[in-house]
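Comments concern the structure below.
The values are calculated or read from the model by the stated rules, or taken from the named source; none is laboratory data. This one's a predicted model, so the numbers in the text were calculated from it and none came from an experiment. Don't worry about glycine lacking a Cβ; one is built from the backbone with ideal geometry, like all the others, and counts go over all protein chains shown. Note: areas computed on protein heavy atoms with side chains; ligands, DNA, RNA excluded. Shrake-Rupley method; radii C 1.70, N 1.55, O 1.52, S 1.80 Å.
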Amino acid sequence: MRIAYSVETVRAAERDLMARLPEGALMQRAAAGLAAACAGLLGRVYGARVALLVGSGDNGGDALYAGARLARRGAGVTAVLLAPDRAHAGGLRALRGAGGRAHAADAASAEAALARADLVLDGIVGIGGKGGLRPDAERLTLAVRGTVVAVDLPSGVDADTGEVRGPAVRADATVTFGTYKPGLLIDPAHEHAGALRLIDIGLTPHLPPVPDAEALQHDDVAALLPRPGAESDKYRRGVVGVVAGSARYPGAAVLAVAGALRGGAGAVRYVGPAADAVIARFPETLVHSGPPHKAGRVQAWVVGPGLGDDAAARQSLDDVLASDVPVLVDADGLRLLPSGDLRSRRAATVLTPHAGEAAALLGVPREEVEQSRLASVRALAERYGATVLLKGSTTLIASGSGPVRVNPTGTGWLATAGSGDVLSGLVGSLLATGLSAHDAASAGAYLHGLAARRATAPSGAPIAAYDVATALPEVWRDVLG
């Protein structure tokens, strides 16, 4: 699992560690790892041209010491100093002692050095930076033509939130120290980070046990997925109910049922007006005309995809929310949610909005949700007393207290009609198997993203929502290994 900590927590851990180390040892550890990562990207260090964009903080010091190490291996290293009088003195001495050169940012040679470089280290701003790049720094980044490696995180992005409030470096790779920072995992900042590499500098024992954010990996998801035993039957495995579809949107019901059938539960009950379309595609589905509470035993409900907004839809949503089993609410169900939070429910509730739906639930512009995804998902979870899965380029899952989970899988081709219906059915089925709301949402998003990648491979061609559902069994097998 990738875990991430806030800037405040990282700095406290660094202070604790530095009190136990000789002066400068921590920076040397970071610089050694950074130089090794750069050498790997270059392939051949001797004769390579390396430029350093150096600000006034410790990030600049890391870049200078790493540049000195590369210079000692035969690279031609030039530092461009944005604040020459405040550059890290020890790092600057080390670079010059190794044969490197330094220029002020306003020197005529600075942009030329950046343009010629095979690799450029971004050491402009550290993890405490706020707001976008200043004009002089932005001007210099525009001159870069080679590979860009960010030191700890790309300059101009917010380490804690993933927000990008102005011009920012777009790195090909980011070498981060000690632990991941939330902004490296969350868009829009994640898009600026490129490939991530974590350097161990001995920080882990000094960090608290509960991170601010985390991203599941294959092994984590495999440990969550249900495995039927020899004595299992469809009821022991779980039954998920799906209330979806309408005369106008029968396909939403079909897609939600498709996701549910591939989510590990033993059976799927469908309630709604699209029974004929559902049975035509999935004859194993148990269908009922409604209302939901008369459909039979279920361990979880999915309500909302393609449901419409008429009185019957509202009654179906109210019926499902009155149950004592976990409920996932999506799409039209989100627009019909009663005012106030959902804490009065005896079982878990999962909300799965995209940015536009989240904006409506919060009463803010959509752009605010897209810019501040971490704050938005936390605000929704707190306001509604629910687990919230905020869909998007990086899907986030929040459940009030505890770390926010960041889904690392997916592809831009998931932005297609009906893909969210498949996800809802999948997560609902995992709820029915007995997973917690947080784990069901996290595992479902992970499998859904993997299935989309599989459906697009190897050609990278466009996909439809049903292609994602079809690929789910294969990626399930892959995760279980």
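Here D16 sits with roughly 60 square angstrom of accessible surface, probe radius 1.4 Å. Size of region 375-423 from its Cα atoms: along the principal axes, largest to smallest, the extents are 31, 19, 15 Å. Can you give me the angle between helix 58-72 and the longest principal axis of the chain, using Cα atoms only, in degrees from 0 to 90, rounded to the nearest 10? Its long axis makes an angle of about 60 degrees. For the Cα atoms of the chain, what angle does the longest principal axis make with the long axis of helix 25-42, in degrees from 0 to 90, nearest 10? Between helix and principal axis, roughly 80 degrees. Please report the relative contact order for the chain, taking Cα pairs under 8 Å with a sequence separation of at least 6, and give it as a percent rounded to a whole number. For the chain, the relative contact order is 12 percent. Working from the Cα coordinates of region 331-393, the gyration tensor eigenvalues give, after taking √(5λ), semi-axes of 19, 12, 10 Å in decreasing order. This model, with +1 at the C-beta of Lys and Arg and -1 at the C-beta of Asp and Glu, gives region 113-194 a dipole about its Cα centre of some 240 debye. Computed with a 1.4 Å probe on the full set of protein chains, the accessible area for M18 sits at about 100 Å². Solvent-accessible area assigned to carbon and sulfur over region 314-382 amounts to 47 percent, based on a 1.4 Å probe. For E8 and S232, what is the calculated FRET efficiency with R₀ set at 41 Å and r taken between the beta-carbons, to the nearest 0.05? Efficiency computed from Cβ-Cβ geometry: 0.30.
The string of couplings for region 456-471 from the Karplus curve (6.51, -1.76, 1.60, θ = phi - 60°) is 7, 6, x, 7, x, 7, x, 10, 10, 4, 5, 4, 5, 4, 5, 7 Hz, one whole number per residue in order, with x for Gly and Pro.
Selection among L64, L82, A51 by position relative to the dipole of region 7-83 gives A51 as farthest towards the positive end (Cβ unit charges, Cα centre). Which whole-percent values make up P(r) of region 216-361 when all C-alpha to C-alpha distances are grouped in 10 Å steps starting at zero? Pairs per bin, as whole percents: 12, 41, 34, 13, 1. The eigenvalues of the Cα gyration tensor, multiplied by 5 and square-rooted, give the chain an equivalent ellipsoid with semi-axes of 50, 20, 20 Å from largest to smallest.
With all protein chains kept in place, the per residue accessible area of the chain amounts to 41 square angstrom at a probe of 1.4 angstrom. Comparing region 180-251 with the 2.2 N^0.38 Å rule of thumb, its C-alpha radius of gyration ratio is 1.85 (two decimals).
Across region 398-481, the volume of the C-alpha convex hull divided among the residues equals 102 Å³ per residue. Between R44 and R96, the simple spin-label model (points 7 angstrom out along Cα→Cβ) gives 3.2 nm.
Cross-link partners for K234 among the aspartates and glutamates, with Cα-Cα distance under 17 Å and sequence neighbours closer than 8 places in the same chain left out: E284. Note on exposure: Y446, Y235, Y46 ranked by accessible area (1.4 Å probe, complete protein assembly) read Y46, Y235, Y446, with the most exposed listed first. Hey, what angle do you get for helix 419-432 against the long axis of the chain, alpha-carbon based, 0 to 90 degrees rounded to 10? Orientation of helix 419-432: about 70 degrees from the principal axis. Here's how it looks for A79: its modeled amide H is under 5 Å from those of L52, R101, A102, H103, which are all 5 or more places away or on a different chain.
What a 1.4 Å probe finds exposed on region 180-243 is 50% carbon and sulfur by accessible area, rounded to a whole percent.
Each label point was placed 7 Å from the Cα along the Cα-to-Cβ direction; for S289 and E23 their separation is 8.5 nm. Farthest towards the positive end of the charge dipole of region 88-243, among the residues L121, T176, A195, is the Cα of L121, using unit charges on the Cβ of Lys, Arg, Asp and Glu.
A Cβ-based charge dipole, computed about the Cα centre of the chain with Lys and Arg at +1 and Asp and Glu at -1, lands at about 900 debye. Of the residues A159, A94, A260, the one whose Cα sits farthest towards the positive end of the charge dipole of the chain is A94 (charges of +1 on Lys and Arg Cβ, -1 on Asp and Glu Cβ, taken about the Cα centre). Residues whose amide H lies under 5 Å from that of G132, counting only those 5 or more places away or on a different chain, are R165, G166; hydrogens are built 1.01 Å from N in the peptide plane. If I model a spin label as a point 7 Å beyond the Cα along the Cα-Cβ vector, how far apart are those points for L480 and S344 in nm? The modelled label-to-label distance comes out at 4.1 nm. Remark: region 336-481 carries a charge dipole of roughly 280 debye about the Cα centre, counting +1 on each Lys and Arg Cβ and -1 on each Asp and Glu Cβ.
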